[in-house]
Amino acid sequence: MMLSLKSAPLTLDEIRRRLVSDTTDRHFYLFSEVDSTNDSLRELAGRGAREGTVVVAEAQRRGRGRLGRPWFSPSGFNIYASVLFRPPIVPDDAPAFSFIASLALVDALESLGVSAEIKWPNDVLVDGKKVAGALADCGMRGAAVDYVILGIGVNVNIGAAALRDALGPAARFATSVADVLGHEVDRNALLAAWLDAVAAWHRRWKEEGPAVLRKAWADRDILSGRRVEVRGDGESFVGRVRGLAPTGALVVVDTLGRAHHVTSDEVRLYD
Ligand code: BTN
């Protein structure tokens, strides 16, 4: 169906009202427009912002996707939000930590009755089409991780025609929550559900360790066992996905039987 609904505005009151998780220590920032919520939060992190700080924007001028790609970020339809963490991890552990973002969105969508899956690393798909993506930025202090920013972009009420205009042929691999449900979606409620789920997965990570994220992620992952094409800066190759390494890298075995640990490449289903 075709939908393009400028929905009710995001407001801090509406978001907070719906949150179940403890907000006493949380600082929220809501902007009408920023370059990128991840970049705004990075600035705040540099000035000492504490864990749990959230930046949300109605629009982004330079929304960033993975692999240096732009993220389509028009005003009034979607969710662009970033959360700050200061986890005591080494850089190699950051990819697995970032799974919090997509796991939480799958939960938030489930609360709306939408069943979603994850494509490595953090794409959230409904009926095989991408509805959201997450971008993790990691700040260092010497050799240690100073902060991790998890940013999520969700196509919420944007219509198929607007996606086609913005993404061109790639729009056939994209959708929005409203298009899936056939009705407008309350962005304040969906954002609050995501933030609550982020808090819940973060708590589980603290209490049970990273294996809990890898296991939950693997249960929702669409690539394991599938043939994929991996495209990176260097070689491209075809192989079969064996699963996740402890770090969160995707393990792909090529046609010569060599195992590759893929961390920052593009992975596409091959058949
Ligand atoms: C991807 O799938 O390529 C990741 C997309 C991540 C987009 C979000 S929108 C909020 C946050 N700020 C950004 O600039 N990017 C992320």
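The values are calculated or read from the model by the stated rules, or taken from the named source; none is laboratory data. All figures in this text were calculated on a predicted structure; none of them were measured in a lab. Note that each Cβ is placed from the backbone with ideal geometry, even for glycine, and that neighbours are counted across all protein chains shown. Note: areas computed on protein heavy atoms with side chains; ligands, DNA, RNA excluded. Shrake-Rupley method; radii C 1.70, N 1.55, O 1.52, S 1.80 Å.
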Could you figure out which of (1) open to solvent by less than 10 Å² (accessible area, probe 1.4 Å); (2) away from the ligand (no atom under 12 Å from the Cβ); (3) not β-branched (V, I, T) isn't true of D127? (1)
Just one listed residue, out of V177, V154, V185, V198, is under 17 Å from the mean Cα position of the chain (by Cα), at pLDDT 95 or above and more than 21 Å from F97 (Cβ to Cβ), and it is V177
Positions within the range 225-258 being open to solvent by 60 Å² or more (accessible area, probe 1.4 Å) and touching a strand residue (DSSP E or B) at 6+ places or on another chain (Cβ under 7 Å), in sequence order: R226, R227, R231, S236, R240, R242, T255
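Yes or no, residue by residue, for (1) over 24 Å from D233 (Cβ atoms); (2) within 14 Å of the ligand (Cβ to nearest atom); (3) in contact with a Phe, Trp or Tyr (Cβ under 6 Å, 6 or more places away or on another chain); (4) among the charged types (D, E, K, R):
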residue: D107; (1), (2), (3), (4): yes, no, no, yes
residue: A132; (1), (2), (3), (4): yes, yes, no, no
residue: D137; (1), (2), (3), (4): no, yes, no, yes
residue: G159; (1), (2), (3), (4): yes, no, no, no
residue: D165; (1), (2), (3), (4): yes, no, no, yes
residue: A171; (1), (2), (3), (4): yes, no, no, no
Restricting to the range 28-62, and then to whatever is over 18 Å from D146 (Cα atoms) and in a loop (DSSP other than H, G, I, E, B), can you tell me which residue is nearest to the ligand (Cβ to nearest atom)? S36
Looking at D137, is it out of contact with any Leu (no Cβ under 9 Å at 6 or more places or on another chain) and either outside any helix (DSSP H, G or I) or under 22 Å from E207 (Cα atoms) (or both)? no
Every residue from the range 80-124 that is over 26 Å from G182 (Cβ atoms) and over 13 Å from the mean Cα position of the chain (by Cα): L84, F85, R86, P87, P88, I89, V90, P91, D92, D93, A94
Can you pull out the residues in the range 103-134 that are touching a residue at least 12 places away in the same chain (Cβ under 8 Å), outside any strand (DSSP E or B) and charged (D, E, K, R)? D107, D127
Before we move on, is A134 open to solvent by 10 Å² or more (accessible area, probe 1.4 Å) and over 18 Å from R220 (Cα atoms)? no
Could you run through the range 212-224 and say how many residues are out of contact with any helix residue (DSSP H, G or I) (no Cβ under 7 Å at 6 or more places or on another chain) and open to solvent by less than 50 Å² (accessible area, probe 1.4 Å)? 3
Only listed residue being over 18 Å from the mean Cα position of the chain (by Cα) and either modelled with pLDDT of 95 or more or within 18 Å of N122 (Cβ to Cβ) (or both), chosen from A166, A136, A143: A166
Those residues of the range 63-105 which are among the polar types (S, T, N, Q) and within 12 Å of the ligand (Cβ to nearest atom) amount to S73, N78, S82, S98, S102
